[in-house]
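First the structure, in the form of structure tokens, and then the observations on it.
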Amino acid sequence: MGLGNYHRDSRWTGDVELARWVQCVPRRDRGGAKLVTGRLIVFEGADASGKSTQARRLASRLGAELTFQFGATEIGSAIRSILLDPAHAALDDRAEALLVIADKAQHVAEIVGPALERGDTIVSDRYTASSTAYQGYGRGLDLGQLNAMMRFATHGIEPGLTVLLDVEWSVARVRLGDQMDRIEGAGAAFHTRVRNGYLELAAADPDRWLVVDADGTVDEVAARVDTAVEAWLAANP
């Protein structure tokens, strides 16, 4: 199981069946060339759950590369501007899903895939579970179809660990204030479905998900994240 070949002057063309490794594990392709998988840790959660802050802190503590979805690439940034602009209120749910998945494909091609092949540790603020929660549970789109498209877009790369920062919408709504983007302003019912979707995903895969209470100060939540991640890493050497 390899991550394909990456050359600095060419696009990453890895063909990954599944990459769930949490530590750097050397592998060999059929030709005998040594290929290395890196470590992918993902932060997920509702808007205003504190993901970006906690992802940045953990990446710094681990000496890892920090990235995010959506908008980390030039193409992704253009997609992000469409997705979040309240002027695009007429954007169809399926069109929204396809744009989000297109961002993931570019993100993996430019950032995640090459980093994992180099054997790097990478921390991402959002990954595929966001689409499952927002476009699947939130918008009500077919989960099987979404997952199939995301697997295609990401070459099947899955995180070794996902940290879910869980917070009730009533708390998140206060944090957001009045200036909300198109998705943040989707309403309480939508965001409640998103939160419930996240919790279902975490419950279905407890070995690779950690649920952390995100109601508290930045330092309080950071302490919970550190404790949970350290315990998980100790149990998964």
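A short reminder: the numbers here are calculations on the coordinates, not readings from a lab. Because the structure is a prediction, the values reported are computed rather than measured. With ideal geometry, Cβ positions are generated from the backbone for all residues, glycine too; neighbour counts draw on all protein chains shown.
Between Ala87 and Ala203, what length in nm is gained on full extension when 0.36 nm per residue of separation is reduced by their alpha carbon distance?
On the way: separation 116, 0.36 × 116 = 41.76 nm, distance 3.62 nm.
Gain in length upon complete extension: 38.1 nm.
Taking the beta-carbon count within 10 Å as an exposure proxy, list Thr192, Thr162, Thr121 from fewest neighbours to most.
Fewest-to-most ranking of Thr192, Thr162, Thr121: Thr192, Thr121, Thr162.
Amide H to amide H under 5 Å from Thr162: which residues, 5+ apart in sequence or cross-chain, H placed 1.01 Å off N in plane?
Under 5 Å from the amide H of Thr162: Val42, Trp209, Leu210.
Full extension from Ala223 to Leu143: what is 0.36 nm times the residue separation minus their Cα-Cα distance, to one decimal in nm?
Working it through step by step, the gained length comes to 25.4 nm.
May I ask you to sort Phe152, Phe70 by Cβ crowding, counting other Cβ atoms within 10 Å and putting the fewest first? Could you put the intermediate results ahead of the total?
Details: Phe152 12, Phe70 23.
Sorted ascending by nearby Cβ count, the order is Phe152, Phe70.
For a quick check of your reading of the filter: which GluC sites (Glu not before Pro) in segment 135-205 sit in a DSSP loop and have no more than 16 other Cβ atoms within 10 Å?
Here the GluC sites (Glu not before Pro) that fit, given the DSSP loop and packing criteria, are Glu168.
Would you mind ranking Val218, Val167, Val229 so that the residue whose beta carbon has the fewest other beta carbons within 10 Å leads the list?
Values: Val218 11, Val167 22, Val229 19.
Ranking Val218, Val167, Val229 by Cβ neighbours within 10 Å, fewest first, gives Val218, Val229, Val167.
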